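There's a structure below that I have some questions on.
The values are calculated or read from the model by the stated rules, or taken from the named source; none is laboratory data. All of these numbers come straight from a predicted model, not from anything done at the bench. FYI the Cβ positions are ideal-geometry reconstructions off the backbone, even for glycines, and counts take in every protein chain you see. The protein model used for the area step is the full one, side chains on, heavy atoms only, and it has no ligands, DNA or RNA in it. Shrake-Rupley method; radii C 1.70, N 1.55, O 1.52, S 1.80 Å.
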Amino acid sequence: MNEHTAVANGTNNIVVSNLTKTFGKVRAVRGINFEMDRGTTVALLGPNGAGKSTTIDMMIGLTTPDFGSVSLFGHSPANAVHMGLIGAMTQTGSLIDYLSVRELVSMMAALYPSPLDVDEALRISGADAFADRMTRKLSGGETQRVRFAMALVADAELLVLDEPTVALDVEGRRDFWIAMRAFAARGKTVVFATHYLEEADAYADRIILIAHGRIVADGAPTEIKATVGGRIVRATLPNVDLDKLRPLSGVTSVERRGDAVTLNCADSDATLRELFTLYPNVRDVEVRGAGLEEAFLELTEDDDDEAV
Amino acid sequence: MNQLTYLRYEVIRTYRNRRFLMFSLAFPLILFLAVAGPHKNQMIVGIPFPLYYMTGMVAWGTMVAVISSGARIAAERQVGWTRQLRITPLPTWSYFAAKIFCGYLMAILSMLILFVAGSLVGVHLTLSQWFVMVGLLLVGLIPFSVLGIMFGHLLTTDSLGPAIGGTTALFALLGGAYGPLVTGGALLTVVKCLPSYWLVIASKSALIGGGWPPQAWIVIAVWTVVTSVLAVRVYQRDTRKI
Ligand SMILES: Nc1ncnc2c1ncn2[C@@H]1O[C@H](COP(=O)(O)OP(=O)(O)OP(=O)(O)O)[C@@H](O)[C@H]1O
Ligand SMILES: [Mg+2]
């Protein structure tokens, strides 16, 4: 099969269409659409309760969507799981007792059609240091590494990681992402969820921003950073035309409340320099990081049907 | 996929679980030695007491073994392990089959230990008597295995101990595993509808001669079907919730 037909049949990509899930009154996911190519790494970035885990759980067949569908290289999630195409680390979950780390990872390896060598998976995940310890004697971070080893040992086409670095220390995080990179470099497809813009920026080819169950931005890390990684400059500047502030360098949007103006900036240093030069009467200048939460609020401000 | 490797690790996990071994192997043995030992030379309903009591403990011990094995699913659910397995190619039925297999393995071990203990206090049976007894026991344990899997999806680890303890004790008591509780009247008709009654009869087949009457097969079959349907329901409810 040549490249072209593979794409046409959807066997070479992942297609998520109109995914929707409601839990009681909570509209956890409200129509998520995206496509991603085989071999790419995509980050789902969003605040608590955004719907990242629900989306991931529907992608790997753990949760049934109310509407919408998922195609993983042309297969349904259930079939993809059955064929061993998915290696996953869910957000919560612990290990079973009465096995050593190596035994547990070997047990998982036995379930897949072409698993990675167990020692290799232990080494990559950093679990080799305590491979012979019993699972119940592990710390939170060690448990997390074993869970990573279990996801890796599948050697699956698609690796799904839901906030994988939560319990890890700084060194653990760095090692983790190096391992994930090495895995992705073998042509594997990776989807991971995170709260941290820095993680998404550093390790994904593309960031999908989710808030309130919807995609609010989708693009290369540099684009997303320009949208949400900026700063907010607030100042008292009476009687100035907002249209004159908009073209200032580094400014992405402006607002006014009374005498106070708020400038959302991608490059606040440049903005401030121009602001002080052009408006010597500016007072009470305040600069702060926009933060993800704020960026999300801004991006979802026009959300009409928040309440169910 | 190599399901035998998976099964091997499940078996390893079973025999490393001391508490489980304690309940399904040690308890019936201790009870047998404590009760039958001192009454070595007595007779009950025309049968040597140790032999009578051994068969009762076999019925109870094997029942505890297979129910507890399935019920261990509760602990695995609690730590999110069943969710983890649902994203592997392992079919759900294989997961259950492994649990049933481990339960039977423990049940057979429980029988062997009691048989050895029985011979030590003077129990003697012919080879064919052993075969009939073991064969019927294995069949009689089927509904209890399924019940264990249902418990595994119904209960939390906190309620597991009392639930298994209570259920098995009640089944064993009514079924006559601890001694002939019900010997006639309307209550016997009711008790004869319990699978534990026939499990005890299976265990005593060597003493009373012959196998099961047709009613036994029907009761075991009906209980197997009913517990299976319930187990499937409970399983579906449990996975939907996630
Ligand atoms: N099983 C469930 N039952 C009821 N509500 C649920 C369930 N799972 C998720 N929710 C709700 O759906 C919304 C989205 O949850 P989800 O776990 O997908 O968020 P998330 O983006 O992964 O958040 P976090 O970053 O905290 O992990 C939340 O409001 C959550 O309370
Ligand atoms: Mg989550």
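Specify the residue that is farthest from the other protein chains (Cβ to nearest Cβ); the eligible residues are those in region B:65-84 that are open to solvent by 10 Å² or more (accessible area, probe 1.4 Å) and among the hydrophobic types (A, V, I, L, M, F, W, C).
Residue satisfying both the conditions and the ranking: B:A75.
Tally the residues that are open to solvent by 30 Å² or more (accessible area, probe 1.4 Å), in a helix (DSSP H, G or I) and either touching a residue at least 60 places away in the same chain (Cβ under 8 Å) or of a type in the set (A, V, I, L, M, F, W, C) (or both), restricting the search to region B:202-216.
2
Being within 16 Å of A:R123 (Cβ to Cβ), without any contact (Cβ under 8 Å) to a residue 12 or more places away in the chain and open to solvent by 10 Å² or more (accessible area, probe 1.4 Å) narrows it down to one residue among A:R181, A:R145, A:R186; which is it?
Just one listed residue meets the conditions, A:R186.
Okay, moving on. Any idea how many residues of region A:66-96 are touching a residue at least 60 places away in the same chain (Cβ under 8 Å) and more than 10 Å from chain B (Cβ to nearest Cβ)?
Total satisfying the criteria: 4.
Using the structure shown, decide if A:M107 is within 17 Å of B:G80 (Cα to Cα) and at the interface with chain B (Cβ under 10 Å from one of its Cβ atoms).
yes
Please go through region A:45-60 and pick out each residue that is away from chain B (no Cβ under 14 Å) and within 7 Å of ligand 1 (Cβ to nearest atom).
Listed by number, the residues that qualify are A:G46, A:P47, A:N48, A:G49, A:A50, A:G51, A:K52, A:T55.
Out of curiosity, is B:W60 open to solvent by 30 Å² or more (accessible area, probe 1.4 Å), within 19 Å of B:F171 (Cβ to Cβ) and assigned to a helix (DSSP H, G or I)?
yes
While we're on this one: For region A:110-125, what are the residues that are among the small types (G, A, S) and more than 11 Å from chain B (Cβ to nearest Cβ)?
A:A121, A:S125
Got at least one residue in region A:64-75 being crowded, with 24+ Cβ neighbours inside 10 Å, more than 16 Å from ligand 2 (Cβ to nearest atom) and within 24 Å of A:H195 (Cβ to Cβ)?
Scanning region A:64-75, I find no residue that is crowded, with 24+ Cβ neighbours inside 10 Å, more than 16 Å from ligand 2 (Cβ to nearest atom) and within 24 Å of A:H195 (Cβ to Cβ), so the answer is no.
Looking only at region B:24-44, decide whether some residue is touching a Ser or Thr at 6+ places or on another chain (Cβ under 6 Å) and either within 14 Å of chain A (Cβ to nearest Cβ) or surrounded by fewer than 23 Cβ atoms within 10 Å (Cβ to Cβ) (or both).
Yes: region B:24-44 contains one or more residues that are touching a Ser or Thr at 6+ places or on another chain (Cβ under 6 Å) and either within 14 Å of chain A (Cβ to nearest Cβ) or surrounded by fewer than 23 Cβ atoms within 10 Å (Cβ to Cβ) (or both).
To continue, here is another question. Looking at (1) within 12 Å of another protein chain (Cβ to nearest Cβ); (2) outside any loop (DSSP other than H, G, I, E, B); (3) open to solvent by less than 20 Å² (accessible area, probe 1.4 Å), can you tell me which one B:L114 breaks?
Checking B:L114 against (1) within 12 Å of another protein chain (Cβ to nearest Cβ); (2) outside any loop (DSSP other than H, G, I, E, B); (3) open to solvent by less than 20 Å² (accessible area, probe 1.4 Å), the one that fails is (1).
Another one. Return the total of residues in region A:10-53 being in contact with a helix residue (DSSP H, G or I) (Cβ under 7 Å, 6 or more places away or on another chain), within 16 Å of ligand 2 (Cβ to nearest atom), closer than 16 Å to A:V191 by Cα and assigned to a loop (DSSP other than H, G, I, E, B).
1
May I pose another question? Regarding A:S94, is this residue modelled with pLDDT under 95, away from ligand 1 (no atom under 16 Å from the Cβ) and either out of contact with any helix residue (DSSP H, G or I) (no Cβ under 9 Å at 6 or more places or on another chain) or assigned to a loop (DSSP other than H, G, I, E, B) (or both)?
Answer is yes for this residue.
Checking the structure you have, find out if any residue of region A:126-141 is touching a Leu at 6+ places or on another chain (Cβ under 6 Å), open to solvent by 20 Å² or more (accessible area, probe 1.4 Å), away from every other protein chain (no Cβ under 11 Å) and without any contact (Cβ under 8 Å) to a residue 40 or more places away in the chain.
The answer is yes; a qualifying residue exists.
Report, by residue number, each residue of region A:189-214 that is open to solvent by 50 Å² or more (accessible area, probe 1.4 Å) and within 13 Å of the chain's Cα centre (by Cα).
A:H195, A:Y196, A:E198, A:Y203, A:D205, A:R206
Within region A:177-190, does at least one residue satisfy the condition of being within 24 Å of A:I224 (Cα to Cα), within 16 Å of ligand 2 (Cβ to nearest atom) and either modelled with pLDDT of 95 or more or hydroxyl-bearing (S, T, Y) (or both)?
no
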